[in-house]
Protein chains: 2
Amino acid sequence: MASPGSGFWSFGSEDGSGDSENPGTARAWCQVAQKFTGGIGNKLCALLYGDAEKPAESGGSQPPRAACTCDQKPCSCSKVDVNYAFLHATDLLPACDGERPTLAFLQDVMNILLQYVVKSFDRSTKVIDFHYPNELLQEYNWELADQPQNLEEILMHCQTTLKYAIKTGHPRYFNQLSTGLDMVGLAADWLTSTANTNMFTYEIAPVFVLLEYVTLKKMREIIGWPGGSGDGIFSPGGAISNMYAMMIARFKMFPEVKEKGMAAVPRLIAFTSEHSHFSLKKGAAALGIGTDSVILIKCDERGKMIPSDLERRILEAKQKGFVPFLVSATAGTTVYGAFDPLLAVADICKKYKIWMHVDAAWGGGLLMSRKHKWKLSGVERANSVTWNPHKMMGVPLQCSALLVREEGLMQNCNQMHASYLFQQDKHYDLSYDTGDKALQCGRHVDVFKLWLMWRAKGTTGFEAHVDKCLELAEYLYNIIKNREGYEMVFDGKPQHTNVCFWYIPPSLRTLEDNEERMSRLSKVAPVIKARMMEYGTTMVSYQPLGDKVNFFRMVISNPAATHQDIDFLIEEIERLGQDL
Amino acid sequence: MASPGSGFWSFGSEDGSGDSENPGTARAWCQVAQKFTGGIGNKLCALLYGDAEKPAESGGSQPPRAACTCDQKPCSCSKVDVNYAFLHATDLLPACDGERPTLAFLQDVMNILLQYVVKSFDRSTKVIDFHYPNELLQEYNWELADQPQNLEEILMHCQTTLKYAIKTGHPRYFNQLSTGLDMVGLAADWLTSTANTNMFTYEIAPVFVLLEYVTLKKMREIIGWPGGSGDGIFSPGGAISNMYAMMIARFKMFPEVKEKGMAAVPRLIAFTSEHSHFSLKKGAAALGIGTDSVILIKCDERGKMIPSDLERRILEAKQKGFVPFLVSATAGTTVYGAFDPLLAVADICKKYKIWMHVDAAWGGGLLMSRKHKWKLSGVERANSVTWNPHKMMGVPLQCSALLVREEGLMQNCNQMHASYLFQQDKHYDLSYDTGDKALQCGRHVDVFKLWLMWRAKGTTGFEAHVDKCLELAEYLYNIIKNREGYEMVFDGKPQHTNVCFWYIPPSLRTLEDNEERMSRLSKVAPVIKARMMEYGTTMVSYQPLGDKVNFFRMVISNPAATHQDIDFLIEEIERLGQDL
C-alpha cells in the first residue's frame, strides 16, 4: 500500500513536484502543507510539530479537542480544532458526540468541493490533468483493505479524486452532449444525496413524487399534448428511456407479450434512421426483438431521415409478413445534430398505424426556445418522447425523461403488484405510488435538480441558455466555413449546436483528394485530441461516420462558454495540428 | 403562482403556524424570520427594514454588497453580506463576478443540509412530517413558470423540500431495506455530484473508471471467484442488475438472440422461488421471455427455495421441450430475509447446465461478516451475482453491482460499437472504456461512495455494521417471540435482519382462530402504520404474503439504531395498536 504520504504530499502542488521519496524535515513538509486548503495545512503542521509524538498507529485514544465557543446550532465553525488524523468514520454521526466532528468533516469536504467549483470556471486551469490508466494505477494505491483509514486520508482521497477528474464545468470542455456545471442544479443534487431516498412510493418520497408529477406534466405541455395529459417517468438515461418506448409500443400492440413473450407475437420491426442513437439497437437486443429487426432508414446529406425511404421500408417489411410496430425519429442526432422531419414521419406512422417515438434526448431542449422549437414541429403527434434535461438544458447527470401520450400504459406494461411495496390498504391516495410503472424497483431521485433549476431560471432562463448555445455554434460555423484549413462535413448552418468539420493541416492542403489523403486526414483529429488532453487545454470529440473519416464534432451545451472560448478552440486546433 | 411569502413564512416554524394570509408589520415578520437558519433571517430582516423600498421587481440593479475582508481563497465566508432577494441563478458562476455570490449561496445550501443531517439523527425530531398528497399540493405552489425566482426563494424551496422529506437516516426509520445516512458516503455523493460526469469512457471519468475496476474486483474476490476474476458493472438498482443477469445467461446459451431475437430460440424458462423479488418477472416481461416462463419454486416455511421442487420443475420444463436457461436463487429474500440453499441449487444447475444467478441484493452484505457469510455458502459457484451495497452496507442510494464470473460476456452481449464514443484510435488503453458493456449509454457514477466508505470503514467496519444489525434483529426476536400480543410469522431466529410478526391487539387475543379474526387482524398493521406516520415517530413496513394476512416486516440496516430504538418500536406499536 502507498503510504498516506505519497498521495498526500503531492496534492495542491499543481506541478506535482511533491517528493514522496524523501520527506525531509517537518519544517519543509509544513511549507508544502500550507499549500493545502480547507484548513488541512494548519492541522497537519500542528500534527507535525506538536502531535507527532502521538502517531495514529499508537491506538484509539484521541487527543482532547479544543472546545468550540461559537453559538451556532448546528455549529459548523471551521475553527473547531478537529484532528482528522485521529478520527475515523466511526467518530462521525450517529456516534455519540459525533455532531462536532461530523460538521467539521462535512464542512471540510465542502471546502474542497467549493474550491473545485471555483477552479472549474477558471480558464487558467486545465480541463483535465490527464494520466494514462497505468500511471494512475501505479501512482496511487486505490485498493480496498480490511482496516479503516483515518479521516485525514479520506479528505485526501477527495482531493486526489478531484485532481484527476475532468472539469466538466470548464468553459472549454466541449467533449460530450452534457457539459457545464449549474450551481442551482448542483445544490439540488447535494440536497438529493442528503435526502437519500427512493422514488417508488409517496410514503418515502412525498415531495419528490409530487415534483416528478408536476415536472413531467409541464414537459408534456411543452411537447404539446393537450393539458399536459399523459404519463412518464425519469429513467436512468436516454438509452433506457428509448428502451421503455420500445417496450410500451410493443405492449400496446400485443399486450400478451408480457406473459407469453416474443414467441407469442409475430416478428416485430422497428425503424429508425442510420444516424440515430445506438440505444435503439441495444434496446432491441435486450427486449428479445433482435438487432436485425431494427431497420435503419437512409438520411439526407444533413443527417435527416428520408421519409420516402421510411415508407418504402415499412411496405417491404409488411410484404414479408412482419409487423412494423415502432418508428423512432430523432430530434437532434448525436453527431450531426439533425432533426428528422417529424411531421412527415407522423403522417406515415398514422397511415400505417405505427407507434411514433421521438428520441429528443439531445434536441428536446430546443422546445424551451421560441426561436428554435419549430425544428421539432410534429413532436406533439408522437406517442412517446425521450427528452434528457441533462443534455441541452444543463441539468446535472443524470436526468432523462420518457414521456408517454397515453396514460396508464406504462403501469399496465410493467406492473407486478409487489405487495410489500404497493400495499392496497394504505391511508393515502395510491395513485402517487408510481413505482410499479417502472422497470426498476428502487429508482434514484433525478427530478429535484431539474425542478429547482426550472424555478431558478424559469422557462425563459432555459430559453436564453439554448439560444446562446445555438448562437455560439453559428458563430463557430461562420468562422470556419470559409477559413483556410477547414472543411465542413456537411453544408449549411447547424440546426443544433453540432458543428462537424475537418481540420486540414498545411501539409495536406495541396494533396489531391485521394485515398492517401483520406488516410492521413483520418489520423489528424485523434492526434490533435490526444494533444489537447495532454495539454489539458480543451476537449472536443471526434469520430468517423459512414464513409467520412475522423472529423471533429463540436457541440455546445456549456453555459460557461463564450465567443472567446470558441476562438480559443480554433487557435488550439491550429496550434496542435499545424505540424501534422 | 403562490407569493414567495406563502411558502416562506411557514418554514422553520415547526408547528406550521406561520400565517401567510396577513403578513402584518415588518417587525412581526422579522421575529418569525429569526427562526430561520443559514443567515437567512438576518438577511430578510435587513431587507424588511432597510431595503424594502427596492423590491426585486424594480429591476436588475443590485444593492451594493459589503466587501469581504477574509483572506481565504476561495472565500466561503458566511459573513459576506449577500442579499439573495436581489440575486438570481444568472448571478452565480459562470457569471462575471459570480464567485462570491456562488460561494455564499452554496455555503447557505450546505448550512441547510448540515442542519438536516444533525436533525436526522435526533430522536426528538419526527421521522416524517406526514401530509397527504392533496394537502401538500394545496399548501404550496410547486408549479413551473416562465419567470425565474430569486435565490432567496430557491433556498426556501430547499428548506420546504427537506421539511417534508422522510429522514431516512433517523434511528427509528426501519421502513425499507435501505436505511441510514452514512457521513462518508454522503460526502462522497456530494463529490460525485460536483464532478458531474459519466461512466462510459476513461476519457471523461478516469478515476471513477479505475475505482469501479478495483471495487468490482474486490467484490468478486469476496464472492470467492479465483483472483477476483470476472466482470461486472454498477447498474441503476437491483432490478436492472437481475435483468442483466437474465440477458447475459440467455446470450451465453443462444448468442444469436442478439441479432435474431427470441423468435430464433426455443422457449426459455427461468426458475426462482415464490419468495423471490418481483424484478425477475419484470425482467422476463421486458426481455421478451414472458412472465409465464418464470417458474416459481416452492419454499419451505422459512422462505427458502426447496431444491427438490426446483429439480422437479426443471425436468417438467424439459419434458415439455422447453429450455431451462436460468435459476435465480435468492440470498436474503425481501420479506422473510431467507437464504436459498445455494450449494444444493448449484449442484442442480451444474447437473442440468443452467446459468446460476444469485440475487444477493439484500443478503450480499453478509459476505462482509466472518460470522454470517456461511449463509451464502455456494455463492462462489454462481455464474452471476446481484449485490446492492446501498442496502445492508448502508451506501447512499443508489449503488447496485452485478458481478459476472465469465469475463467478456457482458461486452459481447451488449456492445454496439458506437464510433462517436468508443473510438478505436484513442491514445490510451481502450480496455478502460467500459461503456459498451452496459445497456445504458450514459451511466451515473455510483462507485465513489462505496469506494470511499470502504476506505473509511475497512472491510472490518462493514463487518461490524452487519454484525450489529443482525444482533439487533435477534434482540427484537428474543423480546417478542414470547411476549403477550405477538405472533411470529415463522419460527426460529432470523437469518437476516428481517423479523416478521403480527401484533395482536387485546381485543383479538381471545378470539378463535377463524376468518373473522383473520379479517380483523389484517387491518391492524395498516392502521398502526398510518398512525406511526401521522405521529411521525417511527416507520416499519407491513404486507400480506401468500395466505398470511398483513404482518409487520421489521428490517434493520440502519447504523443509527440501538437497542433502545428497538424497545421504542415495540412500545410504539403497542401504544398505537392497543385500542384496535
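Things to note:
- Annotation: of all residues in the range B:118-140 being among the β-branched types (Val, Ile, Thr) and buried (at least 24 other Cβ atoms within 10 Å of the Cβ), the one that is nearest to A:Pro206 (Cα to Cα) is B:Ile128.
- When the residues of the range A:187-204 are filtered to those that are of a type in the set (A, V, I, L, M) and within 7 Å of another protein chain (Cβ to nearest Cβ), the one that is surrounded by the most Cβ atoms within 10 Å (Cβ to Cβ) is A:Ala187.
- Residue within the range B:304-320 that is out of contact with any helix residue (DSSP H, G or I) (no Cβ under 7 Å at 6 or more places or on another chain), on the phi > 0 side of the Ramachandran plot and not basic (Lys, Arg) present: no
- Pairs linking a residue in the range A:531-554 that is over 18 Å from A:Gly485 (Cβ atoms) and modelled with pLDDT of 95 or more to a residue that is part of a helix (DSSP H, G or I) and not polar (S, T, N, Q), with Cβ atoms under 6 Å and 6 or more positions apart or on different chains, are A:Thr537/A:Glu572; A:Met539/A:Met532.
- Within the option set B:Ala456, B:Ala473, being within 9 Å of chain A (Cβ to nearest Cβ), aliphatic (A, V, I, L, M) and in a helix (DSSP H, G or I) holds for one residue only, B:Ala456.
- Subset of the range A:96-105 that is more than 21 Å from B:Leu211 (Cβ to Cβ) and not hydroxyl-bearing (Ser, Thr, Tyr) - its residue that is surrounded by the fewest Cβ atoms within 10 Å (Cβ to Cβ): A:Cys96
- Pairs, first at the interface with chain A (Cβ under 7 Å from one of its Cβ atoms) and more than 23 Å from B:Tyr535 (Cβ to Cβ) in the range B:130-150, second of a type outside the set (S, T, N, Q) and assigned to a loop (DSSP other than H, G, I, E, B), C-beta under 8 Å, six or more apart: B:Glu143/B:Met1; B:Ala145/B:Met1; B:Pro148/B:His88; B:Gln149/B:His88
- Complete set of residues in the range B:371-381 that are part of a loop (DSSP other than H, G, I, E, B) and under 25 Å from the mean Cα position of the chain (by Cα): B:His372
- Note on the range A:374-401: residues that are more than 12 Å from chain B (Cβ to nearest Cβ) and farther than 22 Å from B:Thr90 by Cβ amount to 14.
- Residues of the range A:383-428 satisfying the condition of being outside any loop (DSSP other than H, G, I, E, B) and farther than 16 Å from A:Asp359 by Cβ: A:Leu409, A:Met410, A:Gln411, A:Asn412, A:Cys413, A:Asn414
- Selected residue (criterion: surrounded by the most Cβ atoms within 10 Å (Cβ to Cβ)) from residues of the range A:495-536 that are out of contact with any Phe, Trp or Tyr (no Cβ under 8 Å at 6 or more places or on another chain) and within 23 Å of A:Lys126 (Cα to Cα): A:Met532
- Some residue of the range B:407-428 being more than 9 Å from every other protein chain (Cβ to nearest Cβ) and of a type in the set (D, E, K, R): yes
- Among the residues making up the range A:434-447, those that are more than 7 Å from chain B (Cβ to nearest Cβ) and touching a helix residue (DSSP H, G or I) at 6+ places or on another chain (Cβ under 6 Å) are A:Lys437, A:Val445, A:Val447.
- Condition check for B:Gly180: over 16 Å from A:Thr192 (Cα atoms) and either small (Gly, Ala, Ser) or crowded, with 24+ Cβ neighbours inside 10 Å (or both): no
- Whenever a residue of the range A:208-223 is facing chain B (nearest Cβ under 8 Å) and within 17 Å of A:Ser384 (Cα to Cα), its partners that are β-branched (Val, Ile, Thr) and in a helix (DSSP H, G or I), lying with C-beta atoms within less than 7 angstrom and at least six residues away or across chains, give the pairs A:Thr215/A:Val447.
- Unmet requirement for A:Lys493, which otherwise passes all of (1) away from every other protein chain (no Cβ under 11 Å); (2) under 30 Å from A:Pro341 (Cβ atoms); (3) touching a residue at least 24 places away in the same chain (Cβ under 8 Å): (3)
- Residue count for the range B:152-161, restricted to those that are at the interface with another protein chain (Cβ under 7 Å from one of its Cβ atoms) and of a type in the set (A, V, I, L, M, F, W, C): 2
- Single condition B:Phe251 does not satisfy, out of (1) touching a residue at least 12 places away in the same chain (Cβ under 8 Å); (2) out of contact with any Leu (no Cβ under 9 Å at 6 or more places or on another chain); (3) surrounded by fewer than 24 Cβ atoms within 10 Å (Cβ to Cβ); (4) over 18 Å from B:Ala317 (Cβ atoms): (2)
- Taken as a whole, the structure leaves B:Asp182 outside the set of residues that are more than 7 Å from chain A (Cβ to nearest Cβ), more than 30 Å from B:Arg553 (Cβ to Cβ), out of contact with any strand residue (DSSP E or B) (no Cβ under 9 Å at 6 or more places or on another chain) and charged (D, E, K, R).
- Scope the range A:260-314; condition more than 14 Å from every other protein chain (Cβ to nearest Cβ), buried (at least 24 other Cβ atoms within 10 Å of the Cβ) and either touching a Cys at 6+ places or on another chain (Cβ under 7 Å) or part of a strand (DSSP E or B) (or both); matching residues: A:Phe271, A:Ser273, A:Ile297, A:Met305
- On inspection, A:Arg370 fails the criterion of being closer than 25 Å to A:Leu545 by Cβ and surrounded by fewer than 18 Cβ atoms within 10 Å (Cβ to Cβ).
This table checks each residue for (1) more than 21 Å from A:Asp97 (Cα to Cα); (2) at pLDDT below 95.
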residue: B:Val109; (1), (2): yes, no
residue: B:Ile112; (1), (2): no, no
residue: B:Val117; (1), (2): no, no
residue: B:Ser120; (1), (2): no, no
residue: B:Arg123; (1), (2): no, no
residue: B:Tyr140; (1), (2): yes, yes
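- Scan the range B:474-490 for residues that are surrounded by 15 or more Cβ atoms within 10 Å (Cβ to Cβ) and without any contact (Cβ under 8 Å) to a residue 12 or more places away in the chain and the total you get is 1.
The values are calculated or read from the model by the stated rules, or taken from the named source; none is laboratory data. Only a predicted model underlies this, so the values are computations on that prediction, with no experimental measurement involved. Neighbour counts are summed over all protein chains in view; Cβ atoms, including those assigned to glycine, are modelled from backbone coordinates with ideal geometry.
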